[in-house]
Amino acid sequence: MLDLEDIFGPGGPLQSALPDFKSRWQQLRMAQRVATALEHRETIVVEAGTGTGKTFAYLVPALLCGSRVLISTGTRTLQDQLFSKDLPLVAAALGRPARIALLKGRTNYLCRYRLARIGPGGEQLTLDTAASDGATATTDTDSDDGATSLGTMLARIQRWSRTTRQGDLAEVRGLSDSHPVWPQVTSTRDNCLGNKCPEISRCHVAVARREALDADIVIVNHHLLLADLALKEDGFGDILGAADSIILDEAHQIPDLATQFFGANVSSRRIENLLKEIHTEAASYLAHIPSDSDAGELVASIVAAVRGVEQAQQQLSASLPARTGRFPLAEMGVQLNAQVDDLAHSVQTLEGKLSDLRDDSPLAQLGERVGDLVLSLDRIANLDDIEGVRAVEVTPRSFSLSLMPFDISARFLSLLQSRRCGWIFTSATLSLGEDFTHFTGRLGLVESPTLKIDSPFDYPRQSLLYLPAGLPEPASPKYVSAVIETALPLIDAARGGACILFTSHRALSQGAALLRSCWSREESPYKLFVQGEAPRERLLKEFREDGNGVLLGTTSFWEGVDVKGEALRLVIIEKLPFASPDDPLVKARIDHLQATGGNAFRDYQLPEAALALKQGVGRLIRSEEDYGTVVICDPRMMGRGYGKVLLAALPAMSPTRDRDEAMRFIRKHAPRSVAASEPVAADASGTPATAAADASVPDATAQSPSARTATAP
Ligand code: SF4
């Protein structure tokens with residue numbers, strides 16, 4: 001039998017199957033360590049620098065190990081790619097056929113029961129577009145997002161439902177998860193009838209879970225894995241329990257996701273939907289019992305209890321701040337906190353009334369879901385603020401109450417240890433320099449072995465890190481316009497192929513407006529691709545195909561953007577990605593660390609920013625053939641002591657503050673010919689003499705903090 005050295009080596013089966021495959025010792029090293037961990041069911045943490053080929057480095061040992069492996073990814077895109085492309089390809093190359101299953105969150109599958117209840121002509125179709133809590137489906141497909149009418153889309157789903165085998169709604173043409181029909185034809189943990197459902201034998205969720213239990217390799221996503229781990233799923237069996245080992249790719253997302261799963265969240269929509277169902281089932285219950293039955297009185301008391309919940313919710317709504325945003329409950333005053341208690345009590349009363357039914361009617365079954373609500377509300381209402389932060393988020397039409405624990409390490413570790421399987425955490429961004437403790441500490445994995453595998457890319461040769469001088473402090477109202485003014489000649493020198501990463505939506509909009517106003521004086525030299533103006537995947541596809549475009553994105557574009565080759569040759573980072581201390585969750589964590597003797601900046605804000613920056617910088621070099629420049633505009637990178645820590649976290653790029661050097665490097669690696677435009681002619685000083693380069697950038701308006709914007713620590 002071939003060993004790993006043969007498989008990953010020159011002339012091995014991977015190279016035979018893939019003409020572009022390059023043998024890399026880094027990939028072999030990772031595969032060997034993963035193979036050992038799978039054999040001994042170890043828990044290990046592996047950082048594999050960009051270009052290692054970590055996917056194959058865990059897929060090969062997973063296929064060879066002969067045990068059951070579950071692979072969890074952070075995105076559905078990677079999940080689909082593993083299932084339909086990488087795993088079949090590696091299995092064929094190795095000659096090791098395996099049973100492979102893909103399992104998504106339940107909100108991705110058609111619910112036959114709910115579709116049938118809508119009726120053949122859509123009789124029960126409502127205009128309620130409320131998405132359910134915890135929905136994990138995300139589609140970045142090109143779709144008409146609700147432009148197709150409810151009735152037309154429903155008819156399309158009904159036709160498709162007769163032939164689909166997997167029931168994955170991604171198969172329905174033009175349907176996105178934001179279409180109003182989506183929540184009406186899918187189930188949630190709350191409204192699924194589980195084993196009591198009349199459609200259980202052909203339920204797509206149940207079938208997908210059964211197939212997963214029979215497979216050698218199951219591909220899930222982190223939401224599903226954590227739901228199983230936190231025992232929040234019900235009725236379909238324990239996928240985790242059947243695995244010998246679990247590989248978590250994109251594992252840098254786990255600490256934040258696990259914090260959400262170990263907390264609690266109750267939205268007004270979840271309550272309203274549940275009450276609506278209780279009303280419907282109560283009416284149906286009454287219609288099926290004799291008029292003189294004692295149960296009639298009981299149902300009347302249930303309906304009264306429902307009214308009690310509605311009242312408590314209305315009172316709470318009326319006391320919420322009028323403006324949208326997220327607010328810490330601890331700072332919201334006694335009255336609002338008392339109203340949260342009242343809501344919790346009213347839901348508890350309802351649960352008691354439903355449990356008095358003592359039958360297995362659909363109405364009585366709703367008691368279980370009301371019980372879940374009671375548990376969540378109770379945790380939110382009674383948490384000691386030292387253990388976590390409780391917040392209320394207000395939107396124009398709804399609110400949600402949440403609880404985020406400060407420290408999940410002990411609970412996460414004990415859940416891991418309670419499963420007798422191996423755990424392999426891997427990502428390109430888990431360490432700061434050689435130090436993994438920020439990641440391992442948050443998950444209780446400080447005792448687990450770690451391995452850092454450096455990228456095989458030649459960063460000093462392939463890239464340059466330019467730290468321009470003279471920009472104002474990020475708090476300055478002129479900051480964004482100064483960033484754009486700095487960016488314009490660099491973009492011209494590169495002839496496009498640029499991406500600007502912002503730290504807030506506000507800065508993104510300002511940046512886009514400034515670029516448009518500069519480039520509107522003549523025909524725009526570069527096509528702009530702005531986050532939010534098209535679905536993400538379409539935006540990225542068109543940016544890749546254009547080859548000379550300028551892509552603008554914020555938080556979610558700092559990771560997962562994979563543009564190989566010349567289409568991305570310049571990455572400009574507007575500002576250091578410190579989480580905003582104005583976010584109540586961030587503020588509460590900072591306060592908690594300080595109150596418990598920690599150093600919030602050193603132990604939380606700085607490592608988080610360093611990992612996010614590493615992610616952003618990682619967008620540039622994606623292959624051995626790539627060349628490019630990263631520009632970090634934020635003057636704090638050089639002006640503050642912590643800049644050294646941030647620099648140390650980045651790949652070994654050559655740094656410079658010299659603008660001429662940066663321009664030379666950028667021009668040297670710009671494409672020779674640009675199909676879209678030929679905008680740049682350098683003047684004697686080497687400065688591009690385009691309208692764009694000469695444009696004076698209008699003042700930006702003052703910024704306000706948002707998701708990831710720094711008020712200078
Ligand atoms: S078991 Fe749940 S998801 Fe499946 S058809 Fe029934 S209600 Fe829908």
Cα-based helix-to-principal-axis angle, 295-319 vs the chain, degrees rounded to 10
30 degrees
Charges only on Cβ, +1 for Lys and Arg, -1 for Asp and Glu: so what's the dipole of segment 264-405 about the Cα centre, in debye to the nearest 20?
660 debye
How large is the Rg to Rh ratio of segment 341-433 when both quantities use alpha carbon positions and Rh follows Kirkwood?
1.12
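Estimate the FRET efficiency between A155 and K276 by the formula 1/(1 + (r/R0)^6), using the beta-carbon distance for r and 22 Å for R0, to the nearest 0.05. Each step should come with its number before you reach the end.
Details: r = 25 Å, r/R0 = 1.12.
Computed FRET efficiency for A155 and K276: 0.35.
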If you line up the long axis of helix 150-161 against the longest principal axis of the chain, both from Cα atoms, how many degrees apart are they, to the nearest 10?
90 degrees
Quick shape check on segment 378-493: root eigenvalues a ≥ b ≥ c of the Cα gyration tensor, a/c under 1.5 is rounded, otherwise prolate if a/b tops b/c, else oblate, and it reads oblate
Under-5 Å amide H pairs with F578, H placed in peptide plane, nonlocal only
A710
Relative to the longest principal Cα axis of the chain, at what angle does helix 268-287 sit, 0 to 90 degrees, rounded to 10?
30 degrees
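Please find the FRET efficiency linking K644 to T395, where r is the Cβ-Cβ separation and R0 is fixed at 41 Å, and quote it to the nearest 0.05. Display every interim value, and only then the final one.
On the way: r = 41 Å, r/R0 = 1.00.
Once rounded, the FRET efficiency stands at 0.50.
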Considering Cα pairs under 8 angstrom that are at least six residues apart, work out the relative contact order of the chain and quote it in whole percent.
16 percent
Separation of alpha-carbon centers, segment 512-548 and segment 450-470, rounded to whole Å:
27 Å
Going highest first, how would you order 561-574, 250-263, 646-659 by mean Cβ packing within 10 Å?
561-574, 250-263, 646-659
Rounded to the nearest Å, what's the spacing between the alpha carbon centres of segment 599-627 and segment 372-412? Just the number, please.
29 Å
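Normalised by the residues of segment 9-127, what does the relative contact order come to in percent, with Cα pairs under 8 Å and at least six apart? Intermediate results must be reported in sequence, preceding the final value.
On the way: 73 pairs, mean separation 27.0, N = 119.
Once divided by the residue count of segment 9-127, the mean separation gives 23 percent.
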Please state, to two decimals, what the Cα-based radius of gyration of segment 264-405 comes to when divided by 2.2 N^0.38 Å (N = residues).
1.13
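Tell me, what is the Rg over Rh of segment 459-694, with Rh the Kirkwood radius over Cα pairs?
A ratio of 0.97.
Please report, to one decimal in angstroms, the Kirkwood hydrodynamic radius of segment 236-346 built from all distinct Cα-Cα pairs. Mind dumping the intermediate values first?
Working: mean 1/r = 0.0550 Å⁻¹.
Hydrodynamic radius (Kirkwood, Cα only) of segment 236-346 equals 18.2 Å.
Taking only DSSP H segments of four or more residues, each worth -39500 (n - 2.57), what value at 222 nm results for the chain once the sum is divided by all its residues, to the nearest 500 deg cm²/dmol? Write down the numbers at each step before the final one.
Values: 28 runs with 303 residues, N = 713.
It lands at -13000 deg cm²/dmol.
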Rg over Rh of the chain, using C-alpha atoms and the Kirkwood radius, what does it come to?
0.98
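Dipole size in debye (nearest 20) for the chain around its Cα centre, Lys and Arg Cβ +1, Asp and Glu Cβ -1?
Details: 74 positive and 89 negative charges, 224 e Å.
So the dipole magnitude of the chain works out to roughly 1080 debye.
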Run the numbers on segment 181-262 and let me know its relative contact order in percent, using alpha-carbon pairs under 8 Å that are six or more apart.
33 percent
Which listed residue (S418, L298, H438) has the Cα farthest towards the positive end of the charge dipole for the chain, taking +1 on Lys and Arg C-beta and -1 on Asp and Glu C-beta about the Cα centre?
H438
Once L89 and L375 are pulled to full extension, the length gained, defined as 0.36 nm per residue separation minus their Cα-Cα distance, is 98.4 nm
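None of the figures in this text is laboratory data; all of them are computed from the coordinates on show. Please read all numbers here as calculations on a predicted model, not as lab measurements. Here the Cβ is made from the backbone with ideal geometry for all residues, glycine too, and neighbour counts use every protein chain on show.
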